[in-house]
1. Restricting region 350-389 to residues that are outside any helix (DSSP H, G or I) and under 15 Å from Val300 (Cβ atoms), which is most open to solvent (accessible area, probe 1.4 Å)?
2. Can you confirm whether region 256-274 contains a residue that is over 27 Å from Leu161 (Cα atoms), open to solvent by 20 Å² or more (accessible area, probe 1.4 Å) and not in a loop (DSSP other than H, G, I, E, B)?
3. So the check is Cβ under 6 Å with 6+ separation or different chains; which pairs have a first residue in region 218-238 that's among the small types (Gly, Ala, Ser) and a second one that's surrounded by 20 or more Cβ atoms within 10 Å (Cβ to Cβ) and not in a helix (DSSP H, G or I)?
4. Can you give me the number of residues within region 204-216 that are closer than 14 Å to Thr383 by Cα and open to solvent by 30 Å² or more (accessible area, probe 1.4 Å)?
5. Scanning for something of a type outside the set (Lys, Arg), touching an Asp or Glu at 6+ places or on another chain (Cβ under 7 Å) and either buried (at least 18 other Cβ atoms within 10 Å of the Cβ) or at pLDDT below 85 (or both), does region 439-455 turn up at least one residue?
6. Quick one: in region 308-321, of everything that is farther than 23 Å from Cys420 by Cβ and hydrophobic (A, V, I, L, M, F, W, C), which residue is least open to solvent (accessible area, probe 1.4 Å)?
7. Looking at Ala169 and the list (1) modelled with pLDDT of 85 or more; (2) surrounded by fewer than 20 Cβ atoms within 10 Å (Cβ to Cβ); (3) assigned to a helix (DSSP H, G or I), which single condition is not satisfied?
8. Could you count how many residues in region 123-136 are within 19 Å of Pro264 (Cα to Cα) and surrounded by fewer than 19 Cβ atoms within 10 Å (Cβ to Cβ)?
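The values are calculated or read from the model by the stated rules, or taken from the named source; none is laboratory data. What you see is a predicted model; the values in this text were computed from it and never measured. Methodologically, a virtual Cβ is constructed for each residue, glycine included, from the backbone with ideal geometry; neighbour enumeration extends over all protein chains shown. Keep in mind that these areas ignore ligands, DNA and RNA; they rest on the heavy atoms of the full protein, side chains included. Shrake-Rupley method; radii C 1.70, N 1.55, O 1.52, S 1.80 Å.
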Amino acid sequence: MPQPTSDRAAPPLLTVTQDALVAADFTPRRGPADPSREPHRRRIRDSREPRRPLSAAHKPHRRPASASRNPYRRLFALPGALAFTVGNLIARLPAGMFGVSAVIMIAGSRGSYALAGAVTATGLAATAVVAPWIARLVDRHGQARTALPATAFALLGGLALVLCVHYDAPDWTLFAAYAATATTPNIGGLSRARWAHLLRTDPAALHTANAFEQAADELCFMLGPVLAAFLCGTLFPEAGSLTGGVLLITGMALFAAQRATEPPPSQPTRTRSPLRAPGMLPLLLGLCATGAIFGSMEVVTIAFADAQGHKSTAGLVLALQAAGSFAAGLLYGALKPSGPAERRYPWCLAAMAGLMSLPLLAARATGSLTALAPALLLAGMATAPTMVTAMTLVQRRTPEGRLNEGMTLAVTGLMAGVACGSATGGWAAEHLSPTTGFTVPAGAAVLALLIATAHRFAVRAARPAPPRRPAGHGPL
């Protein structure tokens, strides 16, 4: 006679093996939906038995480095990114050293700041002519094959300048020697081109990379002049130029050695010049106006500090502007950009135009260098976001295969603006007053905003109007 079944599980059968206690469960199987009822044997591990390593499927999940919430950590987790960045920073630091070193060296030897200024201005003009040509060669033949020889040639020009000053050569040799340094590649542009190549499918990461590059520019131009002045004043007048040359060639060699991250050379094509790309010319004009802010602010601040009897502290006050831009650049890169860069750019310019009025208000209202310092700190916070957004637009509007040329044109526009701003700000500070001179950077910021706004309205006006529906043919 069959016995009634019960839901109570039968007790397991216990037995002992050599080193373990085994429990055998013979409970009938009730179906695949109840895995707890399946017949199984559970083996109780003895404490003396070594643990088996967990399989890959059972290992605890760890967040990969690329999933970090810090965008800069994700950026430098890319293979080779940290290596080429270190080399680029070493090579970029002398950019803030050469000008100051040349002025101190020439003025100390020849006793003429006018001659020193004319020599450095000649080098700036030569760079504006030669730099786009060097960048075109970089695009065509690759960074390593072009940038390293060009840097070596520029280093020879810098060494010739040192020898001409040291051995009291004629003045014209100084102009020729310093003009030869114009073959120095646009080091920041080379780095931005690598980021654009590595992050071509990740706009958010590219935004972070551009912000880091702008912060690196601010850091190098903040530390470079201080280091140059210290070396020239502590050791000997040529120490700044010689140290900058060693850093330049060393950093460029390290940078060029990272071939895995180098953009491939472009094939010879008949693509149009970046100058003729849609929207590029107004953008370069805006960058020129932005450069005028930097050049005029530096000269006017030095003149204002001199008028207050604190000329020696002008460098520290200007460093606050660079520090504000450095901090704002890092913060802007950590934030996720909202909306396209074309829409953000006018807003960044509007913020810069507003904040650039603060030094003018502080100087006019108080006439105090102490009040001017925080105003410069706040004003500097608007320049980095503007430059990051502008460089992003340059990368997007440059034709394929000519990115280094496009980035070099942007830097050339900035340098031209710096030269014009320095001349205009110096004239205003000398013929009007140092306080009135602060209207030059404020006016340059407004000019950059007007250029971008006019271009935006021109683009909207050029768009074809949507077709109108015929009368009586409205939607059903």
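1. Once the filter is applied, the top-ranked residue is Gly367.
2. If we filter region 256-274 for residues that are over 27 Å from Leu161 (Cα atoms), which is where we start, we get 257-274.
In the following step, the residues that additionally are open to solvent by 20 Å² or more (accessible area, probe 1.4 Å) were identified as 257-260, 262-273.
Right, trim to not in a loop (DSSP other than H, G, I, E, B) and you get 259-260.
Yes.
3. So the pair list comes out as Gly224/Met97; Ala228/Met97.
4. Taking region 204-216 first, the residues closer than 14 Å to Thr383 by Cα are 210-216.
Next, from what is left, pick out any that are open to solvent by 30 Å² or more (accessible area, probe 1.4 Å): 212.
Qualifying residue count for the region: 1.
5. Taking region 439-455 and keeping what is of a type outside the set (Lys, Arg), we get 439-455.
Pick out the ones that are also touching an Asp or Glu at 6+ places or on another chain (Cβ under 7 Å) and you get none.
No, because not a single residue in region 439-455 is of a type outside the set (Lys, Arg), touching an Asp or Glu at 6+ places or on another chain (Cβ under 7 Å) and either buried (at least 18 other Cβ atoms within 10 Å of the Cβ) or at pLDDT below 85 (or both).
6. Quick first cut of region 308-321, residues farther than 23 Å from Cys420 by Cβ only: 308-313, 316, 319-320.
Next, from what is left, pick out any that are hydrophobic (A, V, I, L, M, F, W, C): 316, 319-320.
Details: Leu316: 127, Ala319: 31, Leu320: 63 Å².
The selected residue is Ala319.
7. Failed condition: (3).
8. Let us first name the residues in region 123-136 that are within 19 Å of Pro264 (Cα to Cα), namely 132-136.
Okay, now just the ones that are also surrounded by fewer than 19 Cβ atoms within 10 Å (Cβ to Cβ), so 133, 136.
Number satisfying all stated conditions: 2.
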